[in-house]
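Computed from the coordinates by the stated procedures, all read-outs in this text should not be read as laboratory data. A quick note: this is a predicted structure, and the numbers were derived from the prediction, not measured. Ideal geometry is used to build each Cβ from the backbone, glycine not excepted, and the neighbour counts take in all protein chains shown.
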């Protein structure tokens, strides 16, 4: 079980989780929990639920910027490689074309831009979400099948377990779980 | 927002009493629940394959063995085993190469372009179509490598520092562009496909009983636990990849067409080649997806997931791209004469009336006339008819590449060097072998991976249902 810094700091905090049967119930529970001041640790769903990011208060991912920067690196690398090899390192006369035949370098430059951007974006996604081959993380039962789970942080002493239970029940939770460690 | 949802969907009970929209049809038939989707798709991985699968697999492996023999013979003896001569230096292998690359394009079209256009019906077919892309690109890649004569030196096309000076590759050559385009295409398609698979592998992991299988799924599902933070970033990257794959797929077949268009041969030296090739690629690719999906829904009993509605949509894409290809054929004839160039005019006459006219007219019949039948709704919704037409389209598209390559070469500028081309048994063996490889790998894919994207299907399950 690999835990990053945040997790270690909170390792002793407890959580309260509620299990729902469908995304609408989960969605309204998330909205109300957030409105009544509970701290939502995370939400677990079998498929991406439309609008859940805003409901749970997630910021927009910055991965698009990473993809853009990675693409720019790929572009410069691709163009640099071709100009350097063809015009500086060993210029060869190919059918009388200029050594620096810029228009003919566009296809490979484009391909390397796409390659860098795609691979680095995926790489950062995997690292940022700690997804790797031997990753072992707690998975709520049936959450990859047909269950929807919300996890609340019991952030401080003011956390009202009974109020949370009531809120969940109102939205049709089928089970409430309390646990010791964040997943 | 919560209020709006509640008003729209009624109370909890609405799940049990779906109301079907008059304007839209549900994408998945049978009013499935989430867990039914999981069970339906995962049981394909647990159950033993049926007779149909074994028959198909055995036939494919026989073809694959024939291909392996032909490849061994070619590599050990040389390219002289083929029917090439000094006039026709490119024929069957490049035809097969372009054919397979084209097949691959439909997978990316479905997974990336239809994703950007928010076409929800893609969710039932995108997983297998992407697998088809990967396998088709593998089949395509084999042909240039075999044609090199010394395939073990294939890495010489990479620009790496070497002991020959460093003598770099010629970046002005479309063949080098091809290498970069196809390897990038394969890599991006592979990671795109795998990223889509991760949530489904987690689903398989969480319900598999077999210990060995579960260990494998555990490793490859990367510890996926359905967290919304992960989903959020995952969807961002999925969108980025779709946006990258869209111009990529257009670039790949454009670059393949540059292999021809940048030369001076009449019939190749043409500015319409990039769009013409891309439309042809999507056309043949969709035909192949339809052939495969009709087989898959029967073999794996997925009729409720891959419905007539899905096939009808694909027929429409085929009709559109087939019509674009037909316009390209007419344009070629018009420009041939409009150019006033005697070599261009001769090429057109030689195509239409020359010794290979039968290949040209097969192409015109299968690609320009046959898909026009898809204007009729009866044709678009009758599955046996779609099956036959989709195979005819691919026959036509194979001949299109044959027509472009062989007919343009066999009567060149110097009549004393005119020649005819007859393929040898070895070349037919290689073609058959590539089909063997394609179907063997595809059938294995159906057994080893969830053939339909469960997480995406669950997301569109309620489409037009409530």
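So how much slack lies between residue B:422 and residue B:216, counting 0.36 nm per residue of separation and subtracting their Cα-Cα distance, in nm?
Gain on stretching residue B:422 to residue B:216: 69.3 nm.
Other chains near B:237-246: what is the mean number of their Cβ atoms within 10 Å of each residue's Cβ?
Taking the mean over all residues of the peptide, I get 6.
Taking only DSSP H segments of four or more residues, each worth -39500 (n - 2.57), what value at 222 nm results for the protein assembly as shown once the sum is divided by all its residues, to the nearest 500 deg cm²/dmol?
Calculated from helices alone, the mean residue ellipticity at 222 nm is -19500 deg cm²/dmol.
What FRET efficiency, computed as 1/(1 + (r/R0)^6) with R0 = 60 Å and r the Cβ-Cβ distance, is obtained for residue A:97 and residue A:141, rounded to the nearest 0.05?
Calculated transfer efficiency: 0.40.
Assuming a viscosity of 1.002 mPa s and a temperature of 20 °C, what translational diffusion coefficient in µm² per second does Stokes-Einstein assign to the protein assembly as shown, Rh being the Kirkwood radius over Cα pairs?
For the chosen part, D equals 79 µm²/s.
Give the relative contact order (percent, whole number) for segment A:1-149; include only Cα pairs under 8 Å separated by 6+ residues.
The normalised contact order for segment A:1-149 reaches 39 percent.
Tell me, what is the Rg over Rh of segment B:118-175, with Rh the Kirkwood radius over Cα pairs?
Computed over Cα atoms, the ratio is 1.22.
Residues of B:155-163, mean number of Cβ from any other protein chain within 10 Å of their own Cβ, rounded to a whole number?
So the per-residue partner count for this stretch is 1.
Calculate, in nm to one decimal, what residue B:357 and residue B:334 gain on full extension: separation in residues at 0.36 nm each, minus their alpha carbon distance.
Result: 6.5 nm gained on full extension.
In a Debye calculation with equal point scatterers on the alpha-carbon sites of chain B and no solvent, what is log10 I(q)/I(0) at q = 0.09 Å⁻¹?
Each listed q corresponds, in turn, to -0.65.
In the P(r) worked out for segment A:63-128, what percent of Cα pairs fall beyond 16 Å?
Looking at segment A:63-128, the distances longer than 16 Å represent 50 percent of pairs.
Scale the Cα Rg of chain A by the rule-of-thumb value 2.2 N^0.38 Å and send over the ratio, two decimals.
1.56
In whole percent, what relative contact order does chain B give with Cα contacts below 8 Å and a gap of six or more residues?
Relative contact order of chain B: 34 percent.
Find how many whole Å separate the alpha carbon centroid of segment B:360-380 from the alpha carbon centroid of segment A:153-180.
Result: 62 Å between the Cα centres.
Which ordering of B:122, B:172 is given by a fewest-first count of other beta-carbon atoms within 10 Å?
With the sparsest Cβ surroundings first, the list reads B:172, B:122.
Under a point spin-label approximation (7 Å from Cα along Cα-to-Cβ), what is the residue B:175-residue A:166 distance to one decimal in nm?
7.9 nm
Any idea what log10 I(q)/I(0) is at q = 0.23, 0.28 Å⁻¹ for segment A:120-179, Debye with uniform C-alpha scatterers and no solvent?
-1.01, -1.20
Using the 10 angstrom Cβ neighbour count as an exposure proxy, how do B:192, B:413, B:220 rank, fewest first?
Ordered by Cβ neighbours within 10 Å, fewest first: B:413, B:220, B:192.
Give the Cα extents of segment B:47-131 along the principal axes, in whole Å, largest first.
51, 37, 15
At a Förster radius of 45 Å, what calculated FRET efficiency corresponds to the Cβ-Cβ distance of residue B:346 and residue B:61, to the nearest 0.05?
0.45
What per residue convex hull volume, in Å³, comes out for segment B:171-222 when only alpha-carbon positions are used?
74 Å³
I'd like the orientation of helix B:273-299 relative to chain B: the angle between its Cα long axis and the longest Cα principal axis, in ° from 0 to 90, rounded to 10.
Here the helix axis deviates by roughly 50 degrees.
Report the Cα centroid-to-centroid distance between segment B:397-466 and segment A:62-82 in angstrom, as an integer.
Cα centres, segment B:397-466 to segment A:62-82: 33 Å.
Sorting B:315, B:139 on the 10 Å Cβ count, fewest up front, what's the list?
B:139, B:315
How far is helix B:425-448 tilted off the main Cα axis of chain B, in degrees rounded to 10, range 0 to 90?
The two axes meet at around 10 degrees.
Using every alpha carbon pair in segment B:231-296, what percent of pairs falls into each 5 Å bin from 0 up to the bin containing the largest distance?
Bin by bin from 0 Å, the calculated values are 4, 16, 15, 15, 15, 15, 11, 5, 3, 1, 0.
Tell me the label-point distance for the pair residue A:175, residue A:106, using the 7 Å Cα-to-Cβ offset, in nm and rounded to one decimal.
Simple spin-label model gives 5.9 nm for this pair.
Using a 10 Å cut-off around each Cβ of peptide A:59-71, what is the average number of partner chain Cβ atoms that fall inside?
3
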